[in-house]
Every structure is written in C-alpha cells, then in structure tokens.
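The values are calculated or read from the model by the stated rules, or taken from the named source; none is laboratory data. Note that the structure is a prediction, hence the values are computed from the model and not measured. Cβ: placed from backbone, ideal geometry, glycine included. Neighbour counts: every protein chain shown. To get the accessible areas, we keep the full protein, side chains included, count just its heavy atoms, and leave off ligands, DNA and RNA. Shrake-Rupley method; radii C 1.70, N 1.55, O 1.52, S 1.80 Å.
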Amino acid sequence: MGYLDSSGRSKDLEKGTKLELPLWLAAALGPRRKLVTCHLPRAFNERYREILRADATIVDLQGLAPYFYEFGRHLLPLVGAEGVTLGQLLTETLKQRLRRVMDSSLHCLEDDAAVHKARFDHLERTLFHTGRRMYQDHQLWLARRCHIITSIASTEQSGKRKLSEIS
Amino acid sequence: MLGEKALELIKEMERSKDGKLPAYNDNCVRLVLEEMTALFQQNQDDVNATVAGEAQYYPGIRLRHASLERNKRCLLAYLYNRLERIRDLRWDFGNILPPEIRENLCDPEIEWFARYSKNLATYSRSLGEGSGLDLTHDIKPPKNIYVEVRCLKDYGEFEVEEGDVVVLQKNTTHYLPMSSCQHLIRLGVLQQVD
C-alpha cells in the first residue's frame, strides 16, 4: 500500500505512518478491518470544538467544512470513543445556528441573500433556500397570484442569444 | 489518487444543479471504467499469488476493493441523477425535447426518454374512463378558461383548439383559451398577464 503515501519511497506502508485519507477509504479500512485507526480532521479537533462551543453562530462553517454536519455524521462510527463528544457538538452547533438561519431566510432581502448564506454549510443552505421558497410562495398566495403559470427556469437561460445568432 | 475521476463526475452534477443538464461526460466515464478494470486486474493477480492462510496481500486487496466499490457508487449516482433530471424534462417539455438539450444526452438516455415518454402517454390515455387525461397539463389549478397573454418572441401561426388561427408576433397580446396556450407559456414563448 506504499503508493498511498506520495512522500514515502517504500513499497509498503510502515506501521505507524500518519497520512490523510479520503473519508470513504478510511471508512473501508478503519473500524471493522482494523487496518487503520482514525483521528478527527482539523475542523473537529479540540481547538475548533472550543470555538464552536463558545459561540457557534459566528463561525464560518463554509470555510471550515462545507459539509459540516453530514461529514461529522459519517465520522461518528470511525472515531470510537470521541464519537460521543462529536455527536453532541453537531447537535449543539445546529441548535445554536438554526435560529439565525431561519431568521435570515424569512426576512432578508433578495440582494442580501448571498451575504447571509456565505457562512452557511450545505445543510444550512438547503434549509435557507427552502425557507425562502416557502416565504415567496406564501406571498404569492396572499397576493392571489399563485395560479399564474411561469416558464420553466431552464428555458429562460436558453433564451439568451447564442454566438451563432449574433454574427 | 484513486477515485478522483469519479468524484469529478459527481462534482459536475452538483455544479449544474440549477442550470441546464450538462453533456454526458463520455470521456470521464471511460476513464473511471478503465481505472476499475486495472484495479480489478491487480486484485485478481494478488489473489492468485496468495497461498492459503497468508495475509500479506490482504490490506492491498481490501484497499482496491474499497476503491472499486467507491467508483461503482459514483458512476451509478451520476447515471441515476441524470435519469432523474431527464425524467423531469419530460414533464417540463413534453415528449419532444428542444435540440439544444437533446444533444446533451447519450444514446441510451435518449432511448430511455422515448420509452418513459411512451409509458407516461399510455398511462395518461388509460385514465378518465377511456377519454384520457394528460397529466402534464394543468399543473396548477386554472382559474379561468381564457387568459390574456403577451408574446415574448416571434412564434408564427398558432392554431387554437376551436380551429381559429392566431399569429403570435413579438410584443402582441392575445386572449386565448388556457388549455391550448399553457404549453407555450411553460416554454417561455408567451407570458401570462393578469
């Protein structure tokens, strides 16, 4: 398995070598097969755990780990005893941040949306978009306009002039 | 690195989630399949070289097997997600796809689309006590039988269900039966005015 470590020259991996593996590979070699043991990646180490525990609402999750919750969830079975603290961390983080996500999805203006969601991870973005869509649908319904048919999103883009049509 | 090409396919689907269906990435799929064949061959060689009870090659085999399964999963996810998007196209565009979308499908996908289209049509015909009911029609409950529409592009002559012919020119408004112009509104030729 020496080719996993690009800096090493030997054909086989030495016992005790530390290297970064993709999650799927670690999951296949890790818990049941006992070929590797896993440590938590950077976004979940003690230092970031402290920061998230202090105030999770201001952390830039997009920069830290774009799929924070999902990634964390898949890590749970790999890390053994640390799994308990990790699980608590994930739920606590979501609990603290959810209020902010919901608030901004229902009340921010169209132009501000990008600024608001810049710090959200993937799960929070999905929630944000769902919230916005529901709000817009509700507004349409209140204005008695929900029976109006609109064109499909993909045709709007194909309506742009193509290069061949201009010349 | 193992499985990199397969991840590229997944990323491509993720990036294009809100836009147009990207062209079938024949090249990338072939590369993934080649990688898989090579991995399988290596595994086969190692298994043949292993004497019973010996565990020397075991970690390597395990690793390659994991990569094989990962690649397989990514490929299937790619294909399945494309199928789901193609299925949605049937509901949006009807049984004839615009050429600029059609050119992004590969041959088996076009065949699948035709078959799905036929299945849906057969089912639609069997509804409503023999008279048939087009399920893709009236996705939102209509309020009026006639609606006022504005024309967004030149379309040419258009025959309404009763047999009248109207000429749809850009920036003209018409008063048309909902049932016959619905499709054109969905395609962005007409816009509903209230």
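What pairs can you find where one residue is in the range B:124-147 and within 20 Å of B:N95 (Cα to Cα) and away from every other protein chain (no Cβ under 14 Å), the other is open to solvent by 90 Å² or more (accessible area, probe 1.4 Å) and modelled with pLDDT of 75 or more, and their Cβ atoms are less than 8 Å apart, with a gap of 6+ or different chains?
What qualifies is B:S124/B:L133; B:L127/B:L133; B:G132/B:R125; B:L135/B:Y123.
Return the pairs, sorted by first residue and then second, in which the second residue is basic (K, R) and not in a helix (DSSP H, G or I), the first residue lies in the range B:1-17 and is free of Cβ contacts under 8 Å to residues at least 60 places away in the same chain and open to solvent by 70 Å² or more (accessible area, probe 1.4 Å), the beta carbons are less than 6 Å apart, and the residues are 6+ apart or on different chains.
Once the first residue is free of Cβ contacts under 8 Å to residues at least 60 places away in the same chain and open to solvent by 70 Å² or more (accessible area, probe 1.4 Å) and sits in the range B:1-17, no partner that is basic (K, R) and not in a helix (DSSP H, G or I) comes close enough.
Can you tell which of A:R119, A:R73, A:R97, A:R49 is of a type in the set (K, R) and under 25 Å from A:H138 (Cβ atoms)?
Of A:R119, A:R73, A:R97, A:R49, the one residue that is of a type in the set (K, R) and under 25 Å from A:H138 (Cβ atoms) is A:R97.
Could you list, in sequence order, the residues of the range B:27-69 that are of a type in the set (K, R) and either touching a strand residue (DSSP E or B) at 6+ places or on another chain (Cβ under 7 Å) or at pLDDT 90 or above (or both)?
The answer is B:R30, and nothing else.
Before we move on, is B:Y175 open to solvent by 80 Å² or more (accessible area, probe 1.4 Å), over 26 Å from B:L97 (Cβ atoms) and modelled with pLDDT of 80 or more?
In short, yes.
Residue by residue through the range B:76-89, note down the ones that are more than 8 Å from the chain's Cα centre (by Cα), open to solvent by less than 40 Å² (accessible area, probe 1.4 Å) and either under 18 Å from B:N119 (Cβ atoms) or not hydroxyl-bearing (S, T, Y) (or both).
Within the range B:76-89, just B:A77 meets the criteria.
Any residue in the range A:111-131 that is within 20 Å of A:A65 (Cβ to Cβ) and touching a residue at least 12 places away in the same chain (Cβ under 8 Å) sitting within a Cβ distance under 6 Å of a residue that is aliphatic (A, V, I, L, M) and in a helix (DSSP H, G or I)? List the pairs, counting only those 6 or more apart or interchain.
Hits for this filter: A:D121/A:L61; A:E124/A:V101; A:L127/A:V101; A:F128/A:V101.
I'd like the full set of residues that are at pLDDT 85 or above and not charged (D, E, K, R), limited to the range A:105-135.
A:F120, A:H122, A:L123, A:T126, A:L127, A:F128, A:H129, A:T130, A:G131, A:M134, A:Y135
Being closer than 16 Å to B:K20 by Cα, without any contact (Cβ under 8 Å) to a residue 24 or more places away in the chain and open to solvent by 80 Å² or more (accessible area, probe 1.4 Å) narrows it down to one residue among B:P108, B:P99; which is it?
Working: B:P108 fails: closer than 16 Å to B:K20 by Cα.
Going through B:P108, B:P99 in turn, just one is closer than 16 Å to B:K20 by Cα, without any contact (Cβ under 8 Å) to a residue 24 or more places away in the chain and open to solvent by 80 Å² or more (accessible area, probe 1.4 Å): B:P99.
Does the range B:111-123 hold any residues that are of a type outside the set (D, E) and without any contact (Cβ under 8 Å) to a residue 24 or more places away in the chain, and which are they?
Residues satisfying the conditions are B:A114, B:R115, B:K118, B:N119, B:T122, B:Y123.
Does the range B:156-194 hold any residues that are in contact with a helix residue (DSSP H, G or I) (Cβ under 7 Å, 6 or more places away or on another chain) and farther than 13 Å from A:I149 by Cα, and which are they?
Once the filter is applied, which keeps residues that are in contact with a helix residue (DSSP H, G or I) (Cβ under 7 Å, 6 or more places away or on another chain) and farther than 13 Å from A:I149 by Cα, the range B:156-194 yields B:V160, B:E161.
Looking only at the range B:11-34, how many residues end up being within 14 Å of another protein chain (Cβ to nearest Cβ) and not hydroxyl-bearing (S, T, Y)? First the steps, then the outcome.
Keep residues of the range B:11-34 that are within 14 Å of another protein chain (Cβ to nearest Cβ), which gives B:11, B:14-22.
Remaining after also requiring not hydroxyl-bearing (S, T, Y): B:11, B:14-15, B:17-22.
Looking only at that region, the number is 9.
Could you please find all residues in the range A:81-95 being within 16 Å of A:A27 (Cα to Cα) and either of a type in the set (D, E, K, R) or in contact (Cβ under 8 Å) with a residue 12 or more places away in the chain (or both)?
Listed by number, the list holds a single entry, A:E82.
Considering (1) at pLDDT below 80; (2) within 19 Å of the chain's Cα centre (by Cα), say which one B:A121 fails and leave the rest.
(1)
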